[in-house]
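Trainee: Pasting a structure below so you can have a look.
The values are calculated or read from the model by the stated rules, or taken from the named source; none is laboratory data. Since this is a predicted model, take the numbers as computed values, not measurements. Glycine also receives a Cβ, built like all others from the backbone with ideal geometry; neighbour counts cover every protein chain displayed.
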Amino acid sequence: MPSEKEEKYMETHKATINRLEDKTSLILNIGEGEVLEIELTEDKPNEVKRVFNKLISFLKKGSFEFELEDEDEKEDLYFHICTDYVGQLNAELLSIYQELEDYQLLEKNE
Amino acid sequence: MKIDIHTHTKKCKQGDAESRNISTEKFDEIIRLTDVKILAITNHNHFDLQQYQEIKTKVHDTCQIWPGIELDIMENGLKAHLIVIPNPKNVNEFNDKVAELLIDKTPDNFIISIDETVSSFDDFDPIYIAHYFGKTPNLLDEGVARLIDLVKNETRVLKEASNAISAGIFISHGHNSIYGSDVQNWDEYQEISKYLPDLRLPVESFEQFCLLLEKDNATINTILDKKTPEPLHLNVFGVAELIDLDIYNDINVLFGSKGTGKTEILRSISKYYNDIGFENKVYESNALKLEVVYDLKGRNYDAESSTFEIDNCYAELSRLRSVTEKNVTSLSAYLRYFSVDETNRISRDLKIKNYTKEDSTSPERDFDEIRGLYDRFEQFIDFIGSDQILTDVVGEELITELNGVLKKISLKLKSVSKEKFRDLKSISLFNQIITVFVEEIARKTGQPQKPISTGFKEYASNRIKIERDLNKINESISQRIEPSIDYVGDLGDKGHLDCQTNVKIQNGFIGDTNYQPVKKNVTKTPQKSVASALRTLPNHIYANSLFEKINELKQIDNSDTITSISDLLLFYRHFTIDNEQYTPSTGESSMVLLHNELMEDKEIYLIDEPEKSLGNDYISNVIVPILKRHALSGKKIIIVTHDANIAVRTLPYNSIYREHDANGYYTFLGNPFTNSLKCKIEGKEDLDWKEISMKTLEGGRDAFGERGKIYGNT
């Protein structure tokens, strides 16, 4: 669970599901117009790593989490996957933020 | 050989005893019963040229007689006695001056100032001997200082002590001192003379006595004297030519023509002293090169980064080489899990499988930190308890008070540590339960396993670890190391010669060809390439290209030789003057090496031809004063030389001369004070030290020319 201090400064970004005919993706709107995409219908580990690298870079600027908003309001397979995935990711983002903080690797722009 | 610089042959003043009067015949009788070989007649305010000449002639074969006078001095309202002994060559002029000063005066009412004394007698090349301290009426320190200020040669001013013990003490404090009989009754002179000072060396003339005065303060042997000859029996060239030498704890000069075995004798002396436990070595000029002595090429140079308080980063570099990428959880794993209906009722009811694992790394770090603090406090408490000296110094009460506070802190830390441990284990167990249930459910139901992590945490932690390692490595690499500067020697007007060792850590940019790797198993190419790669890696930490770049680093030829920051060290050693690079000439190198050899604190200095590659000025102005200083402090200095600057200007106590003729090799011993060289082999006539020195030594005539007056050279 995030501490009081962390909750105070934690930003919440929107995560959405983009369902297309040929593929479905989890879209992470990281802010500043940056959009990260994790394709759910095909395994692309390098793409996931690229997204993870971006997430670490953003974490250095401050703690954040994602909130899944499914505009289609479908409780389909992808919704369940993304709900679980975003939940796990949020916990891991918090853990890594703390690690960055403990090792003084955060960018000092406050 | 005794010397008496203060005698009376006449009752001159009313207070003088009659028993001071002595006839020439009686003087002759008495003096022959003693070991007195030099005697100065110093009557009170009176000089009798006729008596002086009679006595001198009478005893010329057994004792040197010097003229003199004991003057009543008035200085700053205080009366004192001052003896003036002119060079006997100037006795007539001295006699005239005394007569002039005593016109209309008697010895009883004569009085003179220091200024007038010096202006009257200093041209006669005299020795001044002032009554001092216990010898009354004495001249005070201010008066002595005034006298020293006025005379041409301050070594000619001596302080007259009342006895041998006082003279020894004055000498040991650096004052020229001597004492005489100040004879009251000639009938007692034979007994008194036994306690007169011995001269260190036989002196054959007034000039040579003055030479000895110039040599050092300790002209006379006293009870404090430690300067003695040590006989050596050397078998240098076989039993056919055994060599007997006396070595003084002073300067011993070994000279002679080339090819007379001087160097071999020096080595033999070295062996002799080494064998009896005086470690020494022969310093051979030009045998060493300065750049080798100071190891400019660094053949024996080694250093670790820790020498410069820089972490060697061994663990970090090792981890960087072995690190592997952490994989992320495949999205198809989620797809597979959520595509299958969960049909098993029990499985559906087991909600624990849906929990997300909690972060255990942060509590683990917290626990480690608190535990570390606790351990350090405990160690400190142990240290305080075990250090008796601390308790003794600070006191039991303070220690008890400190212990009380520390124990309170320790208890608090222990309590928090326990809490942190409990939290950590709770999380670990919780996470373990999730893992176990997820795996078991999948195994029992045959359904796909639920992914319990996106893999982000492991992936990011791995990268963070790499970032931390690279930060530490690059921080070490960026450190600047101050050059170390060692004093090499004095190059006179040019300044001090230093040896500067510059050490840098290769950062990928250093291309200066003067710099060489400190570590012998490392070459420059991998150093530069690895450092360059390490410098650029931080740009890739949060990019997919990171492991590609790490692999490139590992593939650099011989990159495996770079295992720590020490392996990136480069050095460049050179000489400097005033921080500017400087290459000393051969002569300058010789100067410095000899100077350094002589500046070492040793009992025995064995020097073979120190003059090689050296200028006269350096020998005279630098080397000779050092040799004299060592001689004064009782060190043994044995020098083979062809140079008159050394053999003459050092005023050696001992000159060893080697000569050869058709019949063989001969060793003569002598010194400048006796002006003779004697050979122990029967039939060999004594040699004239001065003549032989002038003939044999390079620059001999110049050296004697400069000291012509003192050596009696015309």
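Trainee: Collect the residues in region B:479-509 that are among the basic types (K, R), exposed (fewer than 14 other Cβ atoms within 10 Å of the Cβ) and more than 24 Å from the chain's Cα centre (by Cα), keeping them in residue-number order.
Mentor: B:R480
Trainee: Right, something else. If you check B:A303 against the conditions, is it under 30 Å from B:S484 (Cβ atoms), in contact with a strand residue (DSSP E or B) (Cβ under 7 Å, 6 or more places away or on another chain) and either within 14 Å of another protein chain (Cβ to nearest Cβ) or surrounded by 12 or more Cβ atoms within 10 Å (Cβ to Cβ) (or both)?
Mentor: yes
Trainee: Is it the case, given these coordinates, that B:A40 is in the same structural domain as B:F133 (by TED's automatic domain parsing) and in contact with a strand residue (DSSP E or B) (Cβ under 6 Å, 6 or more places away or on another chain)?
Mentor: Yes; evaluated as a whole, the condition is true for this residue.
Trainee: So in region A:17-33, with the set limited to residues that are out of contact with any Phe, Trp or Tyr (no Cβ under 7 Å at 6 or more places or on another chain) and of a type in the set (A, V, I, L, M, F, W, C), which one is nearest to the other protein chains (Cβ to nearest Cβ)?
Mentor: Among them, the one singled out is A:I27.
Trainee: If you go through region B:186-238 one residue at a time, how many are at pLDDT 80 or above, touching a helix residue (DSSP H, G or I) at 6+ places or on another chain (Cβ under 8 Å) and either within 25 Å of B:I22 (Cα to Cα) or part of a strand (DSSP E or B) (or both)?
Mentor: Total satisfying the criteria: 9.
Trainee: Is it the case that B:E401 is free of Cβ contacts under 8 Å to residues at least 12 places away in the same chain and over 47 Å from the mean Cα position of the chain (by Cα)?
Mentor: So B:E401 fits the description; yes.
Trainee: Further, regarding this structure: If we only count strands (runs of 3 or more DSSP E) wholly inside region B:11-114, which ones have 3 or more residues that are surrounded by 19 or more Cβ atoms within 10 Å (Cβ to Cβ) and of a type in the set (A, V, I, L, M, F, W, C)?
Mentor: Passing ranges, in order: B:36-41, B:69-75, B:78-85.
Trainee: Being assigned to a helix (DSSP H, G or I) and touching a strand residue (DSSP E or B) at 6+ places or on another chain (Cβ under 8 Å) is the filter here, so list the residues in region B:258-290 that pass it.
Mentor: If the condition is that a residue be assigned to a helix (DSSP H, G or I) and touching a strand residue (DSSP E or B) at 6+ places or on another chain (Cβ under 8 Å), then B:K262, B:T263, B:I265, B:L266, B:R267, B:S268, B:I269, B:S270, B:Y272, B:Y273, B:L290 are the ones that fit.
Trainee: Look through region B:313-343, keep the residues that are away from chain A (no Cβ under 11 Å) and β-branched (V, I, T), and return whichever of them is nearest to the chain's Cα centre (by Cα).
Mentor: B:V323
Trainee: Could you check region B:291-326 and list, in sequence order, the residues that are aromatic (F, W, Y) and either under 30 Å from B:T454 (Cα atoms) or in a loop (DSSP other than H, G, I, E, B) (or both)?
Mentor: Result: B:Y294, B:Y301.
Trainee: Just to be sure before I move on: is B:K353 over 28 Å from B:L553 (Cβ atoms) and of a type in the set (K, R) in the structure I sent?
Mentor: For B:K353, the condition - over 28 Å from B:L553 (Cβ atoms) and of a type in the set (K, R) - is met.
Trainee: Among the residues of region A:98-110, what is the count of those that are facing chain B (nearest Cβ under 7 Å) and over 20 Å from A:T12 (Cβ atoms)?
Mentor: 4
Trainee: In region A:88-97, is there at least one residue being more than 7 Å from chain B (Cβ to nearest Cβ) and acidic (D, E)?
Mentor: The answer is no, given that none of the residues of region A:88-97 is more than 7 Å from chain B (Cβ to nearest Cβ) and acidic (D, E).
Trainee: For region A:30-67: of the residues being in contact with a Lys or Arg (Cβ under 9 Å, 6 or more places away or on another chain) and aliphatic (A, V, I, L, M), which is farthest from B:I541 (Cα to Cα)?
Mentor: A:L40
Trainee: Now for a different question. Within region A:39-52, how many residues are within 8 Å of chain B (Cβ to nearest Cβ) and in a helix (DSSP H, G or I)?
Mentor: 6
Trainee: Would you mind finding the one in B:P67, B:P86 that is free of Cβ contacts under 8 Å to residues at least 40 places away in the same chain and closer than 17 Å to B:G180 by Cα?
Mentor: One residue alone meets the criteria, B:P67.
Trainee: Quick one: which residue in B:I370, B:I352, B:I346, B:I389 is away from every other protein chain (no Cβ under 11 Å), surrounded by 15 or more Cβ atoms within 10 Å (Cβ to Cβ) and not acidic (D, E)?
Mentor: B:I370
Trainee: Can you pull out every residue in region B:74-86 that is touching a helix residue (DSSP H, G or I) at 6+ places or on another chain (Cβ under 6 Å) and at pLDDT below 95?
Mentor: B:E75
Trainee: Identify, please: which residue in region B:524-543 is surrounded by 15 or more Cβ atoms within 10 Å (Cβ to Cβ) and among the polar types (S, T, N, Q) and is, among those, nearest to the other protein chains (Cβ to nearest Cβ)?
Mentor: Among them, the one singled out is B:S532.
Trainee: For region B:616-714, which fully contained helices (runs of 4 or more DSSP H) count at least 1 residues that are modelled with pLDDT of 85 or more and more than 31 Å from the chain's Cα centre (by Cα)?
Mentor: So the answer is B:689-696.
Trainee: Would you mind finding the one in A:L59, A:L55, A:L68, A:L36 that is touching a helix residue (DSSP H, G or I) at 6+ places or on another chain (Cβ under 6 Å), facing another protein chain (nearest Cβ under 9 Å) and crowded, with 16+ Cβ neighbours inside 10 Å?
Mentor: Residue meeting the stated conditions: A:L59.
Trainee: Tell me yes or no: at least one residue of region B:439-457 is of a type outside the set (D, E, K, R), farther than 30 Å from B:F547 by Cα, in contact (Cβ under 8 Å) with a residue 40 or more places away in the chain and assigned to a helix (DSSP H, G or I).
Mentor: Looking for residues that are of a type outside the set (D, E, K, R), farther than 30 Å from B:F547 by Cα, in contact (Cβ under 8 Å) with a residue 40 or more places away in the chain and assigned to a helix (DSSP H, G or I), one finds at least one in region B:439-457, hence yes.
Trainee: Test B:S162 against the stated conditions and say whether it is surrounded by fewer than 18 Cβ atoms within 10 Å (Cβ to Cβ), in contact with a Ser or Thr (Cβ under 9 Å, 6 or more places away or on another chain), at pLDDT below 90 and under 29 Å from B:K2 (Cβ atoms).
Mentor: yes
Trainee: With the condition kept exactly as written, say whether any residue in region A:6-16 is within 7 Å of chain B (Cβ to nearest Cβ), free of Cβ contacts under 8 Å to residues at least 12 places away in the same chain and part of a helix (DSSP H, G or I).
Mentor: no
Trainee: Same structure, new question: Which condition from (1) surrounded by 16 or more Cβ atoms within 10 Å (Cβ to Cβ); (2) over 11 Å from the mean Cα position of the chain (by Cα); (3) over 19 Å from B:E467 (Cα atoms); (4) within 14 Å of chain B (Cβ to nearest Cβ) is the one that A:D76 breaks?
Mentor: Every listed condition holds for A:D76 apart from (1).
Trainee: Without any contact (Cβ under 8 Å) to a residue 40 or more places away in the chain and assigned by TED's automatic domain parsing to the domain that holds B:Q447: does that describe B:I370?
Mentor: In short, no.
Trainee: Can you tell me which of (1) in a helix (DSSP H, G or I); (2) of a type in the set (D, E, K, R); (3) closer than 30 Å to B:K524 by Cβ is the one B:R573 doesn't meet?
Mentor: Here B:R573 meets the rest and fails (1).
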